[in-house]
Each structure stands twice: as structure tokens, then as C-alpha cells.
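Q: The structure's right below; bear with me while I get my questions together.
The values are calculated or read from the model by the stated rules, or taken from the named source; none is laboratory data. Here the structure is a predicted model, which is why all the values come from computation and not from measurement. Here the Cβ positions follow ideal geometry from the backbone for every residue, glycine too, while neighbour counts run over all protein chains shown. Just the protein is used for accessible areas: all its heavy atoms, side chains included, with ligands, DNA and RNA removed. Shrake-Rupley method; radii C 1.70, N 1.55, O 1.52, S 1.80 Å.
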Amino acid sequence: MSGRTFGGGTAVLVLEDGRAFRGTTFGAVGQTLGEAVFTTAMTGYQETLTDPSYHRQIVVATAPQIGNTGWNDEDNESVGPDGNAADSKIWVAGYVVRDPSRTTSSWRATGSLQDELERQKVVGIAGIDTRALVRHLRTLGSMRAGIFSGDALAWNGDDLDIDALLDRVKAQPPMLGANLAREVTTTSGYVVEPEGEARFDVAALDLGIKSNTPRLLAARGIRVHVLPATTTLHDILDLKADGVFLSNGPGDPAAVGDVVHLTKEILGQGLPLFGICFGNQILGRALGLNTYKMKFGHRGLNIPVIDHETGQIAITSQNHGFALEGEAGQEFDTPFGRAKVTHTCANDGVVEGVRLLDGSAFSVQYHPEAAAGPHDAVDLFDRFTRLLEGEKN
């Protein structure tokens, strides 16, 4: 264990296969449960922590030192249920790091990461061998876990009672079959006004939307109506929306049949549609593809994706534990016309994009809003704008 670990109290991470990692407290003290996943991102921890797609997940940072740029009021990727940025929150269930920075070294910082985790009651652990933990999760896959500290610890004499803690870990529901979009979506909806004159109105279905996405649409003259996951086709038609956006979000896409049904209705109306991440899985299911839970998912800012229609490779930001079934370049029939698998991951062949061949709907598995991450794919927002203008191909 590093001699520079944060805090002084005992904390332990327990995985559902019984393996335990003992460290020190980081952030709040107590108990948290969730699915243990890892991210390969070297930067952007604030955007990661506030991304609603990480709801009910314990995030392990592979970068050895975390927290040196502190916390600020500008980089949060969540907003309140009515769109108020002041109500932004951390969505991760817990945070696992090797070596938290003891000092904050950024002129943009308004506080430290430790203080923000504590303020929002996010339980973490520091000082463990994150390399060993990540190798374990890569080998066996993401799994249920818990972080315990303070009064949440269980003891058997002078030793930690790992079996008692393991019982708590196993009692939580799995991610497979979890409908989490309804837990992170806006309650009543809100509007993000465009920069300059409004050219189009887009209905953005909030399945866990990141705040930079409406901003990028607004920068292109689009008025964005962010709507709850319970929205109906009637609601969208009442808005006289020029197009529909399906956002990122947490959970199992097979568990949101109502959203898939809505997507089919939207496609039946011929409305232009663009989806990212969870939205890619929703569109794929609406087109007839199945989804599956990945072994350990894609989470990071450095994941290469091949566009099989252009041959170009983009380095992308990703955060997903489920994926569409399919193969590169695969074409298939749907009730809405022929469709195609357009993108795959260069690392493992996972489907990263689909579209209708008539150009009316397309989606990608990665995050072109790049919060945090590279900007290789930001032009997809321009592509959606051109689709709204009537250029389908």
C-alpha cells in the first residue's frame, strides 16, 4: 500500500466473488453498493463522476493519481430535474482510487475532490492496488461490489468479517435487467434555448443526458426540449419537433421496452433521429437487433472506432456495459427499411453505430459531446443538423 494514501480510517472494497481490497477512507464514510467497473480515462474525473450513465456503479480509476485539479462549478455533466445546473449531482455509487492528491492545483477549482465527495455523501476508498483490481475485473468481468468504512464495517474480533459484508453485496440486484433510465431522467422537462435565432426544435429524450449535449445542439441553432423518459409520441408531436434525440443513460436497454416502442413510433413518423450511447442501443433494438451485457464494457477517453462507410478511425469517449449484437457492415431488413451496422470498435469488434439506409435515423455508441474526451466525433452534431435541413444521405 502506498505511503501517501488519503485519510486514516479503514475501508474495504468487497467484490461478489469474495475478493476484498483493504484501503483507507476517501470521501464520505459509510456503505455503498453497486457494480464495480473501471475507466481508462486519464483526465476528466469530474465529468465521469457527474455522468448519469454511471448511476449505481462503483467506478475504479486506472489513472494512479486522482484529484489534483480539484472540483469546479463548470464541468458537471448532470443538471437538476428541471435543468438547473446548480442542482447538479455526483451519480456514481462509489469511487475507487490509488493515490488521491493531497493538494488542489488548478485556478478553476472551487474546492477539493475529497470535500465534494464528502459533501455529496459519496463513499470511496483509496490506497488499494487498482492495477490488481482492474486486472481482476478484466479477467472475470464487472461484478457487484460494496465499499464499507466506519460504522458500516463488520468485525469478527479484531478481523474484518468479509463474509458478512459479502452477504450485503450479494443482496443487491444485478445490472442485468435494471431499468435505471427512469431513476435519472428529468421529472417535468426543460428547454435549452439556441444560440442566436432558432432554426429547429428537437425533442431530446432524457435517459441520463449529459449537459454538454444540449449545449452543442443549441450552438447549432437548435432549441432543445429535454423530455422525461416517460414521454409519448403525442407529447413529441404536440411540440411540432423537427427531430428527435435519444440520449446516453444507465442500465439494461432490454429493460426499457416502452422507450423502444416510442422509438419505433418515431421512426414510423419519419422524424429525423439521432442517438448516442444508450440511444444507440435503443435505436438498434427498435430496428430489430438484440443487446447483451459486455464482460467489462468500454469506459474511457481513448477508444478507437472504425467508420466502415468512410474507413476513418475516431478516438472516442465511451461509457457502456451493454452493446448491440451485429457485425461490421452488416445490412438487415427492418419495418422502416434497410439498415446497416456502420461502426465497430477497432479493439474488439463491438458494434458502435447503426443507421437506416435512407438516412433518416442514425446512432453511435460513443460520446461525440466529448465531456470529457477527444473531439474527433463532434461533427456528428453537424450531420444531425444537416438531416434536420433535409439532407438524408
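Q: Sequence neighbours fewer than 8 away in the same chain don't count; with that in mind, list the lysines whose C-alpha is under 29 Å from K89.
A: Cα-Cα hits under 29 Å: K121, K170, K210, K293, K295.
Q: Per residue, what accessible area does the chain have, given a 1.4 Å probe and all protein chains present, in Å²?
A: Accessible area per residue: 40 Å².
Q: Further question on the same structure: Using a Förster distance of 30 angstrom, determine the FRET efficiency expected from the C-beta separation of D307 and A219, and round it to 0.05.
A: 0.85
Q: State the extension gain, in nm to one decimal, for the chain segment bounded by R131 and D382, taking 0.36 nm per residue of separation less the distance between their alpha-carbons.
A: Stretched out fully, the R131 to D382 stretch lengthens by 86.4 nm.
Q: How do 263-272, 249-258 rank on mean C-beta neighbours within 10 Å, highest first?
A: The peptides rank, most packed first, as 249-258, 263-272.
Q: Report the calculated FRET efficiency for D73 and E331 (r = Cβ-Cβ distance, R0 = 30 Å), to the nearest 0.05.
A: 0.05
Q: Only helical DSSP H runs with n ≥ 4 go in: add -39500 (n - 2.57) per run for the chain, normalise by residue count and round the 222 nm mean residue ellipticity to 500 deg cm²/dmol.
A: Result for the chain: -5500 deg cm²/dmol, rounded to the nearest 500.
Q: On to the next question. Projected onto the charge dipole of segment 8-169 (+1 at Lys/Arg Cβ, -1 at Asp/Glu Cβ, origin at the Cα centre), which of A164, S106, T43 gives the Cα projection farthest towards the positive end?
A: T43
Q: Still on this structure, I have one more. For a quick check, take a GNM of the chain with Cα springs below 10 Å and name the residue from R135, R383, R56 with the largest mean-square fluctuation.
A: R135
Q: Which value, in debye to the nearest 20, describes the size of the charge dipole of the chain about its Cα centre when Lys and Arg Cβ atoms bear +1, Asp and Glu Cβ atoms bear -1, and nothing else is charged?
A: That gives a dipole near 660 debye.
Q: With +1 on the Cβ of every Lys and Arg and -1 on the Cβ of every Asp and Glu, and nothing else charged, how large is the dipole of segment 179-387 about its Cα centre, in debye rounded to the nearest 20?
A: Using only the charged Cβ atoms, the result is roughly 180 debye.
Q: Now, a different point. Under the rule a/c < 1.5 gives rounded, and otherwise a/b versus b/c splits prolate from oblate, where does segment 179-387 land using the Cα gyration tensor?
A: It is rounded, given that a/c, with a ≥ b ≥ c, falls under 1.5.
Q: Taking square-rooted eigenvalues a ≥ b ≥ c of the alpha carbon gyration tensor, is segment 264-393 rounded, prolate or oblate, where a/c under 1.5 means rounded and, failing that, a/b exceeding b/c means prolate? Before the final figure, lay out each step's value.
A: Details: a/c = 1.69, a/b = 1.26, b/c = 1.34.
Cα axes put segment 264-393 in the oblate bin.
Q: Going 7 Å from the Cα of A109 in the Cα-to-Cβ direction, what parts of segment 22-59 have a backbone nitrogen less than 18 Å from that spot?
A: It comes to 26-28, 42-50, nothing else.
Q: Put +1 on the Cβ of each Lys and Arg and -1 on the Cβ of each Asp and Glu in the chain; which of L117, Q65, T231 then has its Cα farthest toward the positive end of the dipole?
A: Value: Q65.
Q: Using a 1.4 angstrom probe on heavy atoms only, work out the carbon and sulfur share of the accessible area of segment 8-169 in %.
A: Answer for segment 8-169: carbon and sulfur cover 44 percent of the accessible area.
Q: Sticking with this one: Within the accessible area of segment 225-264, what % is carbon and sulfur when the probe is 1.4 Å and the other protein chains stay in place? Don't skip to the end; give the middle numbers.
A: Details: 810 of 1450 Å².
C and S fraction of accessible area: 56 percent.
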